[in-house]
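Contents: one structure, followed by commentary.
Read the figures in this text as sums done on the coordinates, not as results from a lab. It should be emphasised that the depicted structure is a prediction, and the values quoted were computed from it without experimental measurement. FYI the Cβ positions are ideal-geometry reconstructions off the backbone, even for glycines, and counts take in every protein chain you see.
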Amino acid sequence: MKTGDAQEAQAFEHSVPATFTPGEPLLTCDKLVIGYNDKAMLPPIDMVIRRGQFVAVVGRNGSGKSTWFKTLLGMIPPVSGGINRVNPEMRSAYVPQTSAIDSLLPIRARELASWGRLRGWSFLWPFSRKVDRDAVEKALDTAGAKAIAPRPYRELSEGQKQRTLLARLIATEADLVLLDEPTAAMDAVAERETMQRLCALARKRGLGVVVVVHDLEVAAEHADILFFVDRETSAFVVGDAKTVFCHPAFRRQYGDEYCHKAPEGPHRGNDAR
Ligand SMILES: Nc1ncnc2c1ncn2[C@@H]1O[C@H](COP(=O)(O)OP(=O)(O)OP(=O)(O)O)[C@@H](O)[C@H]1O
């Protein structure tokens, strides 16, 4: 184990559930139809998100990825069908596209990360509990955001803001995390590190991690399973990289190159499916 991995494993120690069963369903979509104003955007979606699974959501701009996320989170109502949280107490957390956060907020990165600990009325005394302060420090460390923690959020680069949002998400200790293009503003090294961190969240803590990503090679390299969303052909394809990249709807959008290059089956031994 590399030093970084060891530190990361240590950082998670406090919050690792005593036992978790990889592959246990967290959330299902049952004939879920998404859209705005009762107008269907895609055909009915049937899928499962499982504990320990790293899911990449891919698709062209405007295909409905964010709309699906927002529907899962209850921010917009489904047109029809259902979303079933297997455990109704399950916590979920969401990192929107960076542009959705008000960059003028006069707060420091550490304070923004601490929002991940807010529960009920706790916003009145956000730093009062040591357990919360410790969890925020560990989350900042895990997200690679410790060095920028004292800095005003609005002065950070876009990639540093994304790290801060990742820290906030880790601090929530949610079971299901949804991230909308979390690496869009990052350089290649930071993107790879972030994807590795998200994989570790899935594997070591048994989270369900769902990430919208536009870099298809990054998606194929890290994800256990991919969801491809396409409005033009009304497709919602679920499978490993080979299955998705070789699907006719995908090839129509992205050509044949990815199908030829895609690895067969899961990229790593994974019993989470
Ligand atoms: N509030 C809204 N009311 C009506 N239509 C909307 C609303 N928000 C988004 N849309 C439309 O829904 C469609 C899907 O948008 P969505 O943001 O889900 O796409 P996306 O796949 O996340 O795109 P991107 O990759 O560019 O982020 C787009 O045509 C968009 O214009």
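Order 240-246, 85-91, 151-157 from most to least packed using the mean count of other Cβ atoms within 10 Å.
240-246, 151-157, 85-91
For the range 139-166 and the range 17-64, write down the distance between their C-alpha centroids in whole Å.
So the two Cα centres are separated by 28 Å.
Percent of alpha carbon pairs in the range 106-173 separated by more than 18 Å?
27 percent
Along the range 207-218, what does the Karplus equation 6.51 cos²θ - 1.76 cosθ + 1.60 (θ = phi - 60°) give for ³J(HN,Hα), rounded to whole Hz, x for Gly and Pro?
For the range 207-218, the Karplus-derived couplings read 6, x, 10, 10, 10, 7, 9, 9, 7, 5, 5, 4 Hz, x marking Gly and Pro.
Name the long-range amide H neighbours of VAL211: under 5 Å, sequence gap of 5 or more, or other chain; modelled H, no Pro or chain starts.
Those lying under 5 Å, H to H, from VAL211 are VAL55, ALA56, VAL57, LEU179.
Fewest first, what order do THR172, THR28, THR21 take by the number of other Cβ atoms within 10 Å?
Ordered by Cβ neighbours within 10 Å, fewest first: THR21, THR28, THR172.
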